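Data first, discussion second: the structure below is written as structure tokens.
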Amino acid sequence: MQATIQEKLKELETETQPQVMRGARILCEALLREGVDTIFGYPGGAVLHIYNELVGFDDRLRHVLARHEQGAIHMAEGYAKATGRVGVALVTSGPGATNAVTGIADAYMDSTPLVVITGQVPRKMIGTDAFQEIDTVGITRPCTKYNYLVQNAGELAAVVKEAFYIASTGRPGPVVIDIPKDVTAETAPFVYPESVKLRGYRPGLPADVDQVRRAVDRLLSAKRPILYVGGGIIHANASSELMELAERLHFPVTPTLMGLGCFPSGHPLSPGMLGMHGTYWANMAISEADVIVAIGVRFDDRVTGALDKFAPHAETIHVGVDTSSLNKNVRAHIPILGDARSVMRQMLEMLPEGNADARERLAPWWDQIRQWSEHAPLSYEQSESVIKPQYLVQQLYELTEGDAIIATDVGQHQMWLAQHYPFNGPRQSLTSGGLGTMGFGFPAALGAQLAFPERQVIAFVGDGGFQMTAQELATAVQYRANIKIIVMNNGYLGMVRQWQEIFYDRNYSSVQMECSPDFVKLAEAYGAAGLRATRPDELRQVLEAGLATPGVVVMDIQVAQEENVFPMVPSGAGLKEMVLS
């Protein structure tokens with residue numbers, strides 16, 4: 001009897017003690033605690049213990065095998081951009097980590113929340129130039145929000161908790177966890193922290209009430225105002241607050257490339273995107289504004305043009321969650337440090353009910369904006385013999401009704417889509433804005449498709465960018481993704497060719513893609529479907545068939561070779577110095 005009682009007491013004591021497990025399992029358990037359901041990765045020697053452990057978690061942690069580490073990171077980015085959750089990637093040491101750097105830098109520039117787990121050589125080998133050793137922490141320090149080199153298995157759970165907290169709060173961004181191989185093999189008790197508190201890092205604090213009140217008072221007296229909004233609106237899930245604020249104030253709303261979809265492009269208050277390839281009337285409006293309300297933006301050069309010519313008559317109210325962005329490029333007359341959603345809610349609470357005089361006060365301003373829109377609308381010359389890229393985008397919009405999730409690379413196709421595809425809502429436009437990464441579009445679309453298998457997800461890419469990550473067709477086919485790839489094929493590196501035409505006297509240097517593959521045969525080689533359109537009268541049928549065909553479909557759309565994107569603000573020029581045609 002006494003022995004039975006002792007045994008039960010021992011069992012009870014064992015149940016209350018933390019379970020001891022290997023570092024690799026601690027990592028997997030920690031990821032589950034953070035709600036992770038998908039990991040994009042590529043195995044190698046330094047992460048073999050982790051991959052060995054993942055086999056036992058395959059019913060809870062789906063691992064997607066990319067064909068290149070850059071592709072894995074872009075998939076994680078697409079997953080994060082489309083869902084608003086933290087994307088997760090796993091790669092090995094050395095070349096695995098360095099291949100991931102482009103994607104990590106891309107995520108850093110676009111404030112995309114990622115946790116990237118990299119393998120490292122065993123601790124005793126660090127610094128010896130061991131096989132596949134690289135200073136991952138040193139290399140990624142400039143392009144991460146934070147990074148870790150894990151010293152022992154006992155700290156791994158806390159590091160994962162901190163990494164997800166840092167990646168997803170404040171201004172989101174990528175966090176790297178570099179784990180030596182022997183750390184994943186050693187054992188430690190698994191204790192997962194319930195909360196995180198980091199000295200000096202306090203995101204989510206409310207904005208200064210007096211600053212918000214000053215801003216609201218200025219909004220109510222503005223005669224030529226404009227709301228200039230960007231990706232921060234989407235990160236903060238603040239689209240509904242923006243809609244209410246804009247409608248109550250009756251202000252025009254112009255989004256950046258990264259802000260597309262945060263405010264419906266077809267809304268009467270939207271003059272369209274601003275910046276280097278923005279609409280004439282959006283660029284004129286911000287150039288002549290007396291008050292700019294900038295929310296969730298960073299005044300990058302593609303938006304402002306020449307800083308000394310940017311909005312010379314305006315007072316600027318800048319709402320940003322990152323203090324380093326306030327007054328960085330453009331002086332803010334009223335800087336407000338805070339989350340876009342919470343600040344706009346504060347503004348809405350301070351606005352008088354109805355704000356009945358807004359329409360009358362701003363009527364002359366809206367008349368001027370309409371005149372600008374009539375003076376230089378977005379337009380192109382249609383052709384009966386060749387497919388114009390703008391026509392391709394418009395047909396795509398008609399068939400998807402603006403509801404598709406679309407990922408792009410960087411270049412002409414990216415700008416034409418931004419101009420001619422009115423996105424209905426946030427997290428539909430997935431693009432590489434800050435770094436401008438060719439090869440981003442297809443794997444990012446694949447990450448989004450795997451997150452939302454029931455949604456229409458499209459990779460809208462150029463023939464140059466697609467060839468940088470086309471090997472991920474194998475990934476798409478393997479995981480039975482219902483993804484459609486539209487290759488806007490003009491036989492050139494289109495945007496570079498455009499600059500060479502306009503600014504280098506048509507001296508085309510290394511921009512013609514003379515030996516591109518047959519994209520239909522390439523698709524079929526991977527087990528996907530391939531379609532092609534070469535004439536305008538074929539386009540609609542090919543798009544309809546491609547969008548309706550289940551599984552992975554590549555549509556090779558051969559478009560006019562020397563079509564240019566206009567309007568265009570030349571480098572070093574002001575927004576009012578747009579080239580219209």
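Things to note:
- Residue satisfying condition, being free of Cβ contacts under 8 Å to residues at least 40 places away in the same chain and of a type in the set (A, V, I, L, M), within set 114, 149: 149
- Filtered by the rule that a residue be modelled with pLDDT of 95 or more and acidic (Asp, Glu), the range 272-318 gives 288, 290, 315.
- In the set (1) open to solvent by 20 Å² or more (accessible area, probe 1.4 Å); (2) among the small types (Gly, Ala, Ser); (3) out of contact with any helix residue (DSSP H, G or I) (no Cβ under 6 Å at 6 or more places or on another chain); (4) more than 29 Å from residue 300 (Cα to Cα), residue 451 fails one condition alone, (3).
- Residues (open to solvent by less than 70 Å² (accessible area, probe 1.4 Å) and under 23 Å from the mean Cα position of the chain (by Cα)) located in the range 288-319: 293, 294, 295, 296, 297, 299, 300, 303, 304, 305, 318, 319
- Checking each residue in the range 64-97 for being closer than 21 Å to residue 470 by Cβ and out of contact with any strand residue (DSSP E or B) (no Cβ under 9 Å at 6 or more places or on another chain) picks out 67, 68, 70, 95.
- Failed condition for residue 232, given (1) under 30 Å from residue 312 (Cβ atoms); (2) surrounded by fewer than 18 Cβ atoms within 10 Å (Cβ to Cβ): (2)
- Scope the range 559-581; condition outside any loop (DSSP other than H, G, I, E, B), touching a Gly at 6+ places or on another chain (Cβ under 8 Å) and crowded, with 18+ Cβ neighbours inside 10 Å; matching residues: 575
- Residue in the range 206-226 that is within 30 Å of residue 19 (Cα to Cα) and either surrounded by fewer than 19 Cβ atoms within 10 Å (Cβ to Cβ) or small (Gly, Ala, Ser) (or both) present: no
- Strands (runs of 3 or more DSSP E) wholly inside the range 461-558 that include at least 2 residues being touching a residue at least 40 places away in the same chain (Cβ under 8 Å) and not basic (Lys, Arg): 483-489, 553-558
- Looking only at residues in the range 165-190 that are of a type in the set (Val, Ile, Thr) and touching a residue at least 60 places away in the same chain (Cβ under 8 Å), the one that is most open to solvent (accessible area, probe 1.4 Å) is 187.
- Residue 265 crowded, with 18+ Cβ neighbours inside 10 Å, among the hydroxyl-bearing types (Ser, Thr, Tyr) and in contact (Cβ under 8 Å) with a residue 24 or more places away in the chain: yes
- A Cβ distance below 8 Å, combined with a sequence gap of six or more or placement on separate chains, defines the contacts here; from the range 365-381, residues that are in contact (Cβ under 8 Å) with a residue 60 or more places away in the chain reach residues that are exposed (fewer than 15 other Cβ atoms within 10 Å of the Cβ) and among the basic types (Lys, Arg) in the pairs 365/223.
Per-residue answers, yes or no, for (1) of a type outside the set (Val, Ile, Thr); (2) free of Cβ contacts under 8 Å to residues at least 60 places away in the same chain; (3) under 18 Å from residue 258 (Cα atoms):
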site	(1), (2), (3)
299	yes, yes, yes
306	yes, no, no
316	no, yes, no
320	yes, no, yes
324	yes, yes, no
332	yes, yes, no
343	no, no, no
359	yes, no, no
363	yes, yes, no
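- Criterion (under 27 Å from the mean Cα position of the chain (by Cα) and touching a residue at least 24 places away in the same chain (Cβ under 8 Å)) met by exactly one of 206, 193, 225: 206
- Residue 522 at negative phi and surrounded by 18 or more Cβ atoms within 10 Å (Cβ to Cβ): yes
- So residue 109, is it open to solvent by 10 Å² or more (accessible area, probe 1.4 Å), closer than 30 Å to residue 428 by Cα and aliphatic (A, V, I, L, M): yes
- Cross-chain or 6+ apart pairs with Cβ under 7 Å, the range 153-164 first and touching a residue at least 60 places away in the same chain (Cβ under 8 Å) and buried (at least 22 other Cβ atoms within 10 Å of the Cβ), then of a type outside the set (A, V, I, L, M) and in a helix (DSSP H, G or I): 153/23; 156/23
- Selected residue (criterion: farthest from residue 243 (Cα to Cα)) from residues of the range 320-353 that are among the small types (Gly, Ala, Ser) and either open to solvent by 60 Å² or more (accessible area, probe 1.4 Å) or touching a Ser or Thr at 6+ places or on another chain (Cβ under 7 Å) (or both): 324
- Residue in the range 119-142 that is touching a residue at least 24 places away in the same chain (Cβ under 8 Å), within 29 Å of residue 460 (Cβ to Cβ) and surrounded by 19 or more Cβ atoms within 10 Å (Cβ to Cβ) present: no
- Residues located in the range 407-439, provided they are in a strand (DSSP E or B) and open to solvent by 20 Å² or more (accessible area, probe 1.4 Å): 429
- Of residues in the range 323-363 being outside any helix (DSSP H, G or I) and of a type in the set (S, T, N, Q), the one modelled with the lowest pLDDT: 355
- For residue 89, the conditions (1) open to solvent by less than 60 Å² (accessible area, probe 1.4 Å); (2) farther than 19 Å from residue 476 by Cβ; (3) hydrophobic (A, V, I, L, M, F, W, C) all hold with the exception of (2).
- So residue 506, is it of a type in the set (Lys, Arg) and under 26 Å from residue 263 (Cβ atoms): no
- Scanning the range 244-262 for residues that are without any contact (Cβ under 8 Å) to a residue 40 or more places away in the chain, touching a Leu at 6+ places or on another chain (Cβ under 9 Å), closer than 28 Å to residue 168 by Cα and of a type outside the set (Ser, Thr, Tyr) yields 246, 253, 255.
- Taking first residues from the range 385-411 that are over 23 Å from residue 82 (Cβ atoms) and partners that are among the acidic types (Asp, Glu), the Cβ contacts under 9 Å between residues at least 6 apart in sequence or on separate chains come to 386/563; 387/538; 388/381; 388/563; 389/563; 390/563.
The values are calculated or read from the model by the stated rules, or taken from the named source; none is laboratory data. Because the structure is a prediction, the values reported are computed rather than measured. A quick note on method: Cβ atoms are made from the backbone with ideal geometry, for glycine too, and the neighbour counts reach across all protein chains shown. Keep in mind that these areas ignore ligands, DNA and RNA; they rest on the heavy atoms of the full protein, side chains included. Shrake-Rupley method; radii C 1.70, N 1.55, O 1.52, S 1.80 Å.
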